[in-house]
Amino acid sequence: MTILRSVCSRLAGDEIGDARYTQSMTTTIKVSNEVRDRLKGQAASARRTLGQHLEYLAGLGEREARMASLRAAVKATSPQDLASYREETRAWDRIENA
């Protein structure tokens with residue numbers, strides 16, 4: 001995952017990566033033959049190129065991180081704030097359904 005994150009940073013040309021890289025450039029990442037074959041099989045099953053599949057997997061990782069952050073924020077919400085949120089939601093539902 002570290003290698004993939006590094007590659008994505010470079011491809012995006014962000015501050016973490018080298019400014020010489022752009023999204024149109026390609027790079028090589030080292031993975032075992034078994035991992036390569038698994039990724040190629042997954043990509044083929046989903047009718048994606050390997051590059052598209054890696055982009056999809058990167059998106060899943062980002063989504064997973066956002067959901068973990070959301071779960072942590074919900075868990076840290078005080079009972080008073082949760083009650084306030086639920087009441088506000090009910091009020092908006094009443095307005096919307098009126």
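The values are calculated or read from the model by the stated rules, or taken from the named source; none is laboratory data. Given the structure is predicted, the values throughout are model-derived calculations rather than measurements.
Taking region 51-76, which residues are of a type in the set (Val, Ile, Thr) and modelled with pLDDT of 95 or more? Hits for region 51-76: nothing passes. Restricting region 46-79 to residues that are assigned to a loop (DSSP other than H, G, I, E, B) and among the charged types (D, E, K, R) leaves a set whose member that is nearest to residue 24 (Cα to Cα) is 48.
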